[in-house]
Amino acid sequence: MNTPLLPAPDQDLQLAGPVDDLGATGTSLRVRRFLTFLPKYWWVLVVTLAIGLAMEAAYVYWKQPAFVSKASMWETLKLRLPEGGMFSEDMQNYMGTLSGLLQSETLRQQALALLKVSTNNAPIVLDKEGEPLLVNIYVSGKPKSSVFNIQATSSNPLFTQTYLNAIMTAYLDYKKNVRQEVSGDTLASISEQMQRWERDLTTEQDALLAFERTNNLAILQEEATVAGSYLTKLKTQLSDLQLEARLLDAATNNPGLATDGTVSVTSETTSSRFAGAASDQRSSLNEIELLKMEREKLSKYLRPKHPKIVKLDADIERAGQLQEIYRRQNGDQLTAARQANQMKTDNVMASVKEWEAKVVAANAIIGEANRLKLNVERTQSVYDRLALLVQNVGISRNIDQESLAILEPASPPKRSYSGEKAGLVLAILGGLAAGLGIVFLIAVRDDRFTSVTEVNSTLGDNVVGLLPEVGQEGGSIMPLLVLNDPRHIYAESYRSLRSALLFLATDGERPKVLLIASAMPSEGKSTVAANLARTLALSGSRVLLVDGDLRKGHLHHLLGLQREPGFAELLNQTCDPDQVMQKDSQANLTFISSGRQLSGNPGDLFLGSGLDQILARWRQEFDYVVIDSSPLFAADDASCLAPKVDGTLFVVRSRHSSARAAREALELLAQRQARVLGVIFNGADTSGRSDYYYKYADYYPAAKQS
């Protein structure tokens, strides 16, 4: 048995329709199926569109008419007071705030109250529930301006206009009241703080007054100044005494120091005493040198007349004079001078300590007075600021600072058709969308073949014949092909099928006995078998056409020949093989009808050995044997006959054959070890713009004559 051309049943073939997922290819196929189904189910769009328009018409009929009144408000000028105290608002969200307030229930109730007052308690328009008629408010702003458009919409024209005016007035009153409440609360809060700081100010002032009563600050300040000056004088005197003491110490330790700076020896001296005298001399000289070094250091950045420079000059001069005086005195004189210097130093140091205590006490009293004054000033500053705030808030409260005013009052109401227009557009779009959705759902859920692309994607690239759809007049049986048939597209497609069989790639002997099968009835299998046999006969081949549908065979009607005797009698061996053969009007074509209709299961006849002998004889006598059969899912006859023939041609019909059924039928043939040569796509639509399948009639004389 030769290898079948179609894939084996265990291969992963994808089915068209709702069960496949072909990725990009599947999406393209779905779109093509949708475009194919759309002209067929155009009435679905009409129905859904009509339903949408009917629903919109009913809604418009039952809906109350809408009347629109328009007004505008604008942001007026503001007077900037120098004292401040102006109210501030969030201008970034101003329009949103305005819209929210105008639509709020609070302002709605105030507007209704204003309407009752202005209309002398005239009844307000009520809705079906007995509530005041709802008026919808919409706020919009003009670009790059401070003008706000306000639109009111309701089912009552007069009430719409009066309500719009009332809601704008209610908004201005409400905003004014809110500002008064805010300013009142603010004023009360500031006044409370002001009173507290006033009490603190009084307390601080009383404390300062009491302190001043017990302390004469003017005298204290004068005494502190005098004490400071005297203390400075004492410290200067102490510094001079300390310098004099150092010079006396140097002179006392060297009583033999000559006026010229040499040491006179009145007795024999030892070398150690002479060294001590030289050391004391250097100490005395070092005091003066230190003063000179300090003066030189300060003179780099101080002027000669600076007090420090003047003081150092005086110290250097005085130190030199004292040094000369002390050199001329003897030891007793130096000792007495030293004692006197020590007494003066002690007295001066005692005075310094006494006056330092007085200065510290005076400064403490003055510092406390300054602290009390600073507390009074700080409290007074806060109190003054609070007083200014109270004044400004009071001014702002009494001055009308409303910045929003009515620019144009409510206009006379006009009937609005915007809702009807929007509903009409929505109904049209919704109806079309629903219709397209239904058609798309039908196209997706319907797995019947509509194009050869779907056949290839579902059953593999094994389409050996593409037969176009040919119309029939009055529903009569379509005539079979004849020589020079004017239906050039139809005839040429069968010639293409014949060529595909003649040049079919095979590993062994070319198939002669061909079974024409299909999954379901009405797929054109019998017509394909008859026309294929005629086309093969037209090429000069000896062809036998056999009606293998022993249950409902009707090929004899297509050929205009007799039904009995036929294939059934031949299988039952009730007649001679030559008796069942009939000649067709087409040369080289022999026909065997299905024969007498049998009761029971005619498919049992295909299981006997007699069929094998008959097929072997036909292979010897004819070039091709074309056998028609019953549908695979109508009876088991074809699945029993298929394994015994050389090859099976499987027929699917456009817009009729189910992809799932075709797949299962091919799997059944594969299970029966049948050799499937290919698929014939019957009823293909060749009217598409992208389909150029044998459309050039100028190449067919018979077509031009017709």
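Tabulated results
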| read-out | value |
| --- | --- |
| Alpha-carbon centroids, segment 332-381 and segment 535-571: separation in whole Å | 149 |
| Neighbour-count ranking [beta-carbon atoms within 10 angstrom, fewest first] of ASP549, ASP446, ASP646 | ASP446, ASP646, ASP549 |
| Amide H contacts of ALA66 (H built 1.01 Å from N, under 5 Å, at least 5 apart or other chain) | SER416 |
| Label-to-label distance, nm, for residues given as VAL147 and GLN673 (7 Å Cα→Cβ offset) | 9.5 |
| Protection-proxy order for peptides 438-444, 146-152, 675-681, 454-460, each taking the mean of Cβ atoms within 10 Å per residue, highest first | 675-681, 454-460, 146-152, 438-444 |
| Set LYS233/LYS358; LYS233/LYS353; LYS235/LYS308; LYS235/LYS344; LYS308/LYS353 screened for pairs whose C-alpha atoms are more than 18 Å apart | LYS308/LYS353 |
| Derived scalar couplings ³J(HN,Hα) [segment 503-511; Karplus, 6.51 cos²θ - 1.76 cosθ + 1.60; whole Hz; x for Gly, Pro] | 10, 5, 6, 10, 8, x, 5, 5, x |
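Bear in mind these aren't lab numbers, they're just calculated from the coordinates by the rules spelled out. Quick caveat: nothing in here was measured; it's all calculated off a predicted structure. Here Cβ is always computed from backbone atoms with ideal geometry, including for glycine, and neighbour counts include all displayed protein chains.
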